[in-house]
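Since the structure comes first, as structure tokens, the remarks are kept for the end.
What follows is calculated from the coordinates using simple rules that are stated; it is not laboratory data. Computed from a predicted model, the values in this text were never measured in an experiment. Cβ placement follows ideal geometry from the backbone for every residue including glycine, while neighbour counts extend to all protein chains displayed.
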Protein chains: 2
Amino acid sequence: MSGQPQAKKRSAAAAPPVIALDAMGGDNAPGEVVKGAVLAVREHGLRPVLIGRSPEVNALLAQEDATGLIPVVHAEDALAMHEGALTSWRRPRSSVAMACKLIRQGDASALVSAGSTGGVVATSTVRLRTQPGVLRAALAVVLPTHPRPTILLDAGANADAKPEMLVQFAHLGAAYAQTAHGVAAPRVGILTIGAEPGKGNRLARKASELLTATSAEAGTPPLDFRGNIEGHDLLAGEVDVVVTDGFTGNVALKSVEGAVRFAFEAVTDALTSSRIAKAGALLQRRSLRELRTRLDSETYGGAVLLGLNGTVVIAHGSSSANGIARACLLAHELAGGRIVEQVRRRLGATTRPAGWLHRLSQSDE
Amino acid sequence: MSGQPQAKKRSAAAAPPVIALDAMGGDNAPGEVVKGAVLAVREHGLRPVLIGRSPEVNALLAQEDATGLIPVVHAEDALAMHEGALTSWRRPRSSVAMACKLIRQGDASALVSAGSTGGVVATSTVRLRTQPGVLRAALAVVLPTHPRPTILLDAGANADAKPEMLVQFAHLGAAYAQTAHGVAAPRVGILTIGAEPGKGNRLARKASELLTATSAEAGTPPLDFRGNIEGHDLLAGEVDVVVTDGFTGNVALKSVEGAVRFAFEAVTDALTSSRIAKAGALLQRRSLRELRTRLDSETYGGAVLLGLNGTVVIAHGSSSANGIARACLLAHELAGGRIVEQVRRRLGATTRPAGWLHRLSQSDE
């Protein structure tokens, strides 16, 4: 079952992976995206290709003294930020669809877009398709825990999930932790309610049973399943990967974001509520600014859609040039670390003949 | 269907409701509970009865110079903090079970306990039973939003819920908002992912449809359903009641609590990370302390289990005397405001003959 030689199918191992960068996606596109691409080349030595309306993109490159620095692929259409999943399917000439085409042709390894999450997820899922053996692609986000970041998935790609999907999400997240964070044996937890085994709703209880069984299984990269994680431990950094369905994951992620913002506003109010406190706040401005930067999720490059035939990074819609460059860096690390092949080794149908998980996935399709 | 006269079945309308206070529940029991009971009498004029091991409780009352101030009902057994739902059912002589007995006999209107949530929920659900027409009791918590607090339910009593239960939770929450927060026409939202109608998992989508239909229905106190609430809007104060299943609600609540704690720790670190910042922090100590108090959920008295034949308030396990007194005050307001009868008017089987929701609930039982 395991122990097959490392996959050696891809040839261009030495050259850095080409990143198809959606020039038209995001609140600040195309301006900040083009600046971010230039940063990605000049500061990080990456290989982006800009996909979008070429006259606009070329003019912006000229402004940055970067004409010819980055290849531009023309796409006449673009997904609007408010566009949902359905509309995007009908837009074969959108910059995101064109970027997927580059990946399918083997001309790029990764897609980076700051476009609407729903639109990018739908378009790339349809156009790149899930890897063989993968039931569903999952959206992974990184929580700013210490000492190591924690990966939460699914953060919203699958509102209704089945227990066996959560087992696959564990493998997808483990591959991400290994590739992007260098974790040799990622610890995996399941988001649920209550600390003891057997707690949670039907989905979490069943998924927990399957994860325990998978953990004990020999062969294929094993999982180090650590059991239940409650909401208040999401930021405790106790595990490297937390799996859940896309509904719960999205609610939890947004609850965390909202609560952090709420607490910051409350602190800022408290720090400026009296004259004496105001004087103190001046002294601390720098500390607070550094902290805000640390908690800013843009620092982590964005969400990653795992399980497709190609690396997909979705940067925050409000990304600045720095945020775009960081998203490119994350895409570079994941594609360069061959995450698609790592997932194939973990979940590829051919490597898991007649396993119970494979049977389950067949019955689902 | 509506418009029947106000319920006048209870007689002792003038006297304040008697509160059966579990002396043995909580990390600081019985010491802080007894002190809290004394506070409740002396500062708020409430009518608690202490249920627990009477020699211990009486000795503590004597220490507070309060011998004879508060009736004591002996209970030889107590639920341990770590005890779950199943164990608690088998403990008919526990202080929580004895408190429920007082309510069933009509000798008390409300139960207050700082014991383990699982144990109190299980014991009171079995011993007080759900009100006629109520499918399931739901645990409601109050989020510290502005200008008015937001009630979130279910926060964990029902890990697996059905759409029609969420509709009932909306009525339970609305009755709570009317009674405790004086909101004449509570606005109700559903916790889900995505802002547009039709977003979410199967449960949330179906519940949303039913809530929209209920909102439009004439008769019985109507619901002002305002649609979808996302995780980051939980603390935005846009609605008075947010409904969800107990799994999602518990994850969201704990994610918020964990994130607020995380943000506070990060701010404290930042404020003391350099000498100059430390000097500033001294100036602001008082502002931050006040803020912490405001965000401290103990201020709100605890969680309320709604839908049973009696008012049940579950205080934080770590409650101090002040927290216990506030929980008693909340129980006093809810019982004095006849929340049980308000729920009966909203959901009682006899007041909703042949309604679609009633049919749904029958098929569920």
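Structure summary
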read-out	value
Point-to-point label distance, A:Thr212-A:Glu238, nm (Cα→Cβ direction, 7 Å offset)	1.6 nm
Rg followed by Dmax, in Å, when the stretch A:75-201 is reduced to its Cα trace	16.7, 54
For A:Ser215, inter-copy label distances in nm, listed shortest first [label point 7 Å out on the Cα-Cβ vector]	4.3
At 7 Å out from Cα toward Cβ: A:Pro197 inter-copy label distances (nm, ascending)	4.6
Peptide A:195-206 - average C-beta neighbours from other chains (10 Å radius)	3
Rough spin-label spacing in nm, given labels placed 7 Å along Cα→Cβ, for A:Ala15 and A:Ser54	1.9 nm
Simple spin-label estimate for B:Lys278 and A:Glu265 in nanometres, 7 Å along Cα-Cβ	3.4 nm
Gain on full stretching of the segment that runs from A:Leu86 to A:Asp160 - 0.36 nm per residue minus C-alpha separation	24.9 nm
Added length on full extension, which subtracts the Cα-Cα distance from 0.36 nm per residue, B:His146 to B:Ser318	59.4 nm
Partner chain coverage, peptide A:136-146 - average Cβ within 10 angstrom	1
Which listed pairs, of B:Lys162/B:Lys199; A:Lys199/B:Lys101; A:Lys278/B:Lys278; A:Lys162/B:Lys206; A:Lys199/B:Lys162; A:Lys206/A:Lys254, have C-alpha distances above 23 Å, in listed order	A:Lys199/B:Lys101; A:Lys206/A:Lys254
Peptide ranges A:109-119, B:40-50 listed from the most packed, as the mean C-beta count within 10 angstrom indicates	A:109-119, B:40-50
Centroid-to-centroid separation of the stretch B:125-187 and the stretch A:139-209 [C-alpha atoms, Å]	30 Å
Within 10 Å of each Cβ in B:227-236, the average number of Cβ atoms from other chains	5
Net +/- balance of residues flanking A:Glu230 in space, Cβ distance below 12 Å, scoring K and R +1, D and E -1	-2
Overall Cα dimensions of the stretch A:7-149 - principal axes, largest extent first, Å	45, 37, 37
FRET efficiency for B:Val126 and A:Arg202, using Cβ-Cβ distance with R0 set to 30 Å, rounded to 0.05	0.85
Using a 7 Å Cα-to-Cβ projection, A:Glu56 label spacings across copies, nm, ascending	7.1
